[in-house]
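The values are calculated or read from the model by the stated rules, or taken from the named source; none is laboratory data. Please read these numbers as outputs of a predicted model, since none were measured by experiment. Note that we place each Cβ from the backbone using ideal geometry, even for glycine, and neighbour counts take in every protein chain shown. Note: accessible area is taken over every heavy atom of the protein model, side chains too, but ligands, DNA and RNA are not part of it. Shrake-Rupley method; radii C 1.70, N 1.55, O 1.52, S 1.80 Å.
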Amino acid sequence: MNSTLKFDFEVNKDNNTIVVKREFAANLELVWRAWTTAELLDQWWGPEPCKAETKSMDFREGGHWLYCMVIPPSLTGAETDQRNWGKQNFKKIVLHKSFSGTDVFCDENGTVNPEFPAGNFENQFNETDGKTTVTMISKHNSFEDIQAVIEMGFKEGIEVSFNQLDELFK
């Protein structure tokens, strides 16, 4: 990560939230597109050697993003890629300001998997002096759900993904 770019990761046990703030050396419009366009998300969302593959994306209020995280055999010991599915359902979108909704684990058809923690999210975007800060707020039902997300490698994965996004902006 570029050490001059801000990165904060905070867990709040009192209200069961994870708050991630990350600054990017890119203007607001470019950062917004990278977070809301399937073709761009697939290039950075998911820490290498894993990668995201979008099945469907309908970025509008009431729409969704259905994708899988493709995990290569080198990480799992399996003979083929492992595919972990996720879905974001978009509730509210304020152009170039924020978008929010629900984030769930699911199957390839978008059916929620209740064995994994679900959450509500809001991603906020703010540009200052040509740099854009994204604030990700992820709220869960319990602290146990937050612990499960962290144990799955969320912090490490999002750091690597953000570094990949930095490279994409170059």
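Tabulated results
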read-out	value
Rounded to whole Hz, the Karplus (6.51, -1.76, 1.60) HN-Hα couplings of segment 134-147, x for glycine and proline	10, 10, 9, 10, 10, 10, 10, 6, 8, 5, 4, 5, 5, 4
Net charge of neighbours whose Cβ lies under 15 Å from the Cβ of Trp85, counting Lys and Arg as +1 and Asp and Glu as -1	-3
Cα-projected label distance for Lys21 with Phe143, points at 7 Å along beta-carbon direction, nm	2.4
Karplus (6.51, -1.76, 1.60) ³J(HN,Hα), θ = phi - 60°, over segment 6-12, in Hz, Gly and Pro reported as x	5, 9, 10, 9, 10, 10, 10
For Trp45, residues with placed amide H under 5 Å, excluding near neighbours	Ala52
Gaussian network model of the chain, Cα within-10 Å springs - most flexible of Thr102, Thr111, Thr128	Thr128
Mean residue ellipticity (222 nm) of the chain, computed from DSSP H runs ≥ 4 via -39,500 (n - 2.57), nearest 500	-7500 deg cm²/dmol
Long-range HN-HN contacts of Trp85 with modeled amide H, under 5 Å	Met69, Cys106
Net charge, Lys55 excluded, C-beta distance under 14 Å - Lys, Arg +1, Asp, Glu -1	-3
Rounded to whole Hz, the Karplus (6.51, -1.76, 1.60) HN-Hα couplings of segment 87-92, x for glycine and proline	9, 10, 9, 8, 9, 9
Positive minus negative residues near Phe105 (Lys, Arg vs Asp, Glu; Cβ under 13 Å)	-3
Amide hydrogen neighbours beyond the local backbone of Lys55, cut-off 5 Å, H modeled	Leu66, Tyr67, Cys68
Accessible-area value, Trp85, 1.4 Å probe, nucleic acids and ligands omitted, Å²	40
Entry for percent of Cα pairs over 24 Å apart (calculated from the structure that is shown) out of (1) 40; (2) 34; (3) 47	(2)
